[in-house]
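To keep things clear, I will list the structure first and then write my remarks on it.
The values are calculated or read from the model by the stated rules, or taken from the named source; none is laboratory data. In this text, all values refer to a predicted model and were calculated from it rather than measured experimentally. Here Cβ is always computed from backbone atoms with ideal geometry, including for glycine, and neighbour counts include all displayed protein chains. Accessible surface is based on the protein model in full, side chains and every heavy atom, while ligands, DNA and RNA are left aside. Shrake-Rupley method; radii C 1.70, N 1.55, O 1.52, S 1.80 Å.
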Amino acid sequence: MNNRGQLTVEYILLLGIILIIIITSTSMFINQSEKNQIMTQAQIGAQIGVDKNGYAIYYNDTFNNYMNNNPRLLTPTKIKITEIEMYETNTKTIELEVTAYSSDTLNNNEKYIIGSRINYYIRKTITESFNKTQTTLYYDPALTNNYIVKTRTVKWKT
């Protein structure tokens, strides 16, 4: 038995170091978990946006606008999401960029409209999954517990 109490001090120091490591790694796991949830909801939202284009069912005013300006969008459009990338621009802002492909011939305006719909559903799904209130009509930006999530313009593969 140690009469000077050094053994107890060594155990306390070891316990303190282990506690610091646990607290630090828990914080990292929580942040990574939130980023994983953002990416999962982005994938779900992107698929919902693609599905909405596949149905080609719109509100009356949107239908009338497309009838006059973008009649191609009134028929179902086959779109495939090929990639979603996450960029952390600073400690509190994340930007998502979707890459999509369509075997149908689309002009730049049609791609922009479809891409905007995909981004809208990404932001909407993220906001709803974190039980946050929408900041604007278009959920731009989406809010999570620790991040502000924005979407970049959809990139189209040829």
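Going by the conditions given, is Ile20 open to solvent by 100 Å² or more (accessible area, probe 1.4 Å), in a helix (DSSP H, G or I) and at pLDDT 85 or above? Here the answer is yes, as Ile20 does meet what is asked. Scanning the stretch 89-103 for residues that are touching a residue at least 12 places away in the same chain (Cβ under 8 Å) and exposed (fewer than 14 other Cβ atoms within 10 Å of the Cβ), we see that the one that is farthest from the chain's Cα centre (by Cα) is Ser103.
Looking at the stretch 115-131, can you tell me whether even one residue there is open to solvent by less than 20 Å² (accessible area, probe 1.4 Å), part of a loop (DSSP other than H, G, I, E, B) and closer than 15 Å to Ile48 by Cβ? Within the stretch 115-131 (the criterion being open to solvent by less than 20 Å² (accessible area, probe 1.4 Å), part of a loop (DSSP other than H, G, I, E, B) and closer than 15 Å to Ile48 by Cβ), the answer is no, since none of the residues qualifies. Summed over the stretch 137-156, residues that are closer than 30 Å to Thr105 by Cβ and at pLDDT 90 or above total 7.
Taking into account only those residues within the stretch 59-88 that are assigned to a loop (DSSP other than H, G, I, E, B) and β-branched (Val, Ile, Thr), which is farthest from the chain's Cα centre (by Cα)? My answer is Thr75. The residue that is nearest to Tyr112 (Cα to Cα), among those in the stretch 52-77 that are surrounded by 12 or more Cβ atoms within 10 Å (Cβ to Cβ) and charged (D, E, K, R), is Arg72.
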